[in-house]
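The block underneath contains the structure these notes are about, expressed in structure tokens.
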Amino acid sequence: MPDTRKRSSIWLQFKDFFFVLVLSLSQFRLHGSTGLRSGSQANFFPPLEDAMLPSGSFNNRMALITGGGTGLGRAMTATLSQLGAQCIIASRKLDVLQRTAEEISSQTGNKVHAVQCDVRDPQAVSQCVDQIEALTGLPDVIINNAAGNFVCPSERLSPNAWKTITDIVLNGTAFVTLELGKRLIQNQKGASFLAITTIYAESGSGFVVPSASAKAGVEALYKSLAAEWGRYGHRFNIIQPGPIRTKGAFSRLDPTGAFEKAMIDRIPTGRLGTPAEIANLAAYVSSNYASWMSGAVIRFDGGEYVSLAGEFNELRSVTPDQWKLLEAMIRKTKGS
Ligand SMILES: CCCCCCCCCCC/C=C\C=C\C(=O)SCCNC(=O)CCNC(=O)[C@H](O)C(C)(C)COP(=O)(O)OP(=O)(O)OC[C@H]1O[C@@H](n2cnc3c(N)ncnc32)[C@H](O)[C@@H]1OP(=O)(O)O
Ligand SMILES: NC(=O)C1=CN([C@@H]2O[C@H](COP(=O)(O)OP(=O)(O)OC[C@H]3O[C@@H](n4cnc5c(N)ncnc54)[C@H](OP(=O)(O)O)[C@@H]3O)[C@@H](O)[C@H]2O)C=CC1
């Protein structure tokens, strides 16, 4: 490499390193002086990792989990499989799916099938459902969990970036739901549909605008179908997770790790969620114990959403001594 290019490449790497360092330090400055140390309250809220429902709750039931090879989808598959379900996991990377399927099957003794499918392609979805029908019959439980996302200022988004995310999240969920729904209706078979969205589907959020728009669309789709397809024996529910560490999410939304502490600081339970916790909730919602639940939107975020929303919540950092002063000032005020 010529000297000038070598020097400019070293300079670029140094600039990257410096950028990460500044981000980390600014987080330290922002959160180093709050009254209550972040995370200490997490001791009150220990995550339980065991499967919550009675064993056998999903015996003789078939469950399809899109994006079931990794992250939260993998955890949901493991829990459903442990509870007796025969699972099918579907996404683009067959090798990843097969590895997960083998690992979970060998732990639970229940078969997990791996089916390759890009949910953006309606023909591929139809072929995937053909394959599922041949393998297990139509599923009783459908979890639309597959997603794509990355942080990006909206002015930097290309049309294809927008299309990629909205195709995976909104169109993908719609293609899977409609293809299975139509076949289930034809076969007069009931089912539980669950969509995994996110807390900002409700509020919107800058820097993840395609994801926010598509997840909001998924919520509208599921609430609408809950009203329309109850007559066919179909339930539709939504879980909005808060932050739960997975490689897929964190590497695309906080690639430097600089924002993690800030995020934990604003969660009233003082910690991230765990994959096993959301897997237990998804299993409950998809089980017959929840057969009266339809059209529900369940926020599962350790309190992060309300913490971000409340105008006065920053007052958590006021110390007891400072409160004495503030109260005295307020009490001294007479009239308006
Ligand atoms: C205060 C800050 C707090 C930080 C908190 C951090 C932690 C927060 C946790 C809470 C999370 C909440 C919600 C999470 C929601 C999720 O959905 S997480 C799941 C994430 N998982 C995935 O995304 C897995 C699958 N993803 C992928 O496969 C890829 O990332 C992709 C890009 C979605 C799809 O891959 P592919 O089809 O191969 O697409 P490409 O051809 O690579 O790209 C298509 C177009 O998109 C453009 N692109 C790609 N990446 C970027 C980027 N980083 N920035 C801008 N644009 C990008 C790419 O250039 C293509 O467009 P063009 O053809 O025009 O070039
Ligand atoms: N982790 C978190 O903090 C949060 C996650 N969520 C949601 O939880 C769900 C799971 O996310 P998480 O486990 O964190 O992230 P992952 O990246 O691990 O999961 C996303 C999955 O979607 C699959 N996928 C992506 N594109 C497609 C496609 N075109 N067709 C089929 N499958 C596809 C991926 O598999 P493959 O690459 O093989 O296609 C992957 O298994 C998502 O819906 C996400 O929006 C919501 C809020 C918070």
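Every read-out reported here was derived from the displayed coordinates using simple, explicitly stated rules and does not represent laboratory data. A quick note: this is a predicted structure, and the numbers were derived from the prediction, not measured. Cβ coordinates were reconstructed from backbone atoms using ideal geometry, including for glycine residues, and neighbour counts include every protein chain displayed.
The table below gives the values:
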quantity: HN-Hα J in Hz across the stretch 324-333 - Karplus 6.51, -1.76, 1.60, θ = phi - 60°, x for Gly and Pro; calculated: 4, 5, 4, 4, 4, 4, 5, 5, 5, 5
quantity: Listed residues Lys223, Lys324, Lys189, most fluctuating in the chain (Gaussian network, C-alpha, under 10 Å); calculated: Lys324
quantity: In Hz, Karplus ³J(HN,Hα) per residue of the stretch 269-281 (6.51, -1.76, 1.60; θ = phi - 60°; x = Gly, Pro); calculated: 8, x, 7, 6, x, 10, x, 5, 5, 6, 5, 5, 5
quantity: Hits among aspartates and glutamates - C-alpha to C-alpha of Lys111 under 18 Å, sequence gap 8 or more where chains match; calculated: Asp95, Glu102, Glu103, Glu133, Asp140
quantity: Set of aspartates and glutamates near Lys223 by C-alpha distance (under 14 Å), chain-local residues within fewer than 8 positions excluded; calculated: Glu202
quantity: Expected 222 nm ellipticity per residue - DSSP helices of 4 or more, -39500 (n - 2.57), all of the chain, to 500; calculated: -15000 deg cm²/dmol
quantity: Summed side-chain charge close to Leu170 - residues other than Leu170 whose Cβ falls under 11 Å, Lys, Arg +1, Asp, Glu -1; calculated: +1
quantity: Where N is the number of residues in the stretch 73-222, Cα Rg divided by 2.2 N^0.38 Å; calculated: 1.09
quantity: Sparse-neighbour loop sites [chymotrypsin sites (Phe, Trp or Tyr not before Pro); the stretch 262-302; at most 11 other C-beta within 10 Å; DSSP]; calculated: Trp292
quantity: Per-residue HN-Hα couplings for the stretch 115-131 [Karplus 6.51, -1.76, 1.60; θ = phi - 60°; Hz; x = Gly/Pro]; calculated: 10, 6, 6, 9, 5, 6, 10, x, 5, 5, 5, 4, 5, 5, 5, 4, 4
quantity: In degrees, nearest ten, helix 209-228 long axis to first principal axis of the chain (Cα); calculated: 50
quantity: On Cα atoms only, tilt of 3-31 relative to the major axis of the chain in degrees; calculated: 80
quantity: Among Gln98, Gln322, Gln86: highest mean-square fluctuation, GNM of the chain, C-alpha pairs under 10 Å; calculated: Gln322
quantity: Straight-distance crosslink candidates among lysines, where the alpha carbon sits under 16 Å from Lys93 and sequence neighbours closer than 8 are dropped; calculated: Lys247
quantity: Globularity index of the chain, i.e. its alpha-carbon radius of gyration over 2.2 N^0.38 Å; calculated: 1.15
quantity: With at most 15 neighbouring Cβ atoms within 10 Å, loop GluC sites (Glu not before Pro) (DSSP) excluded, longest segment of the chain; calculated: 50-310
quantity: Computed over the stretch 273-319, the ratio Rg/Rh where both radii use C-alpha atoms and Rh is Kirkwood; calculated: 1.17
quantity: The stretch 235-264: trypsin sites (Lys or Arg not before Pro) in DSSP loop, at most 13 other beta carbons within 10 Å; calculated: Arg245
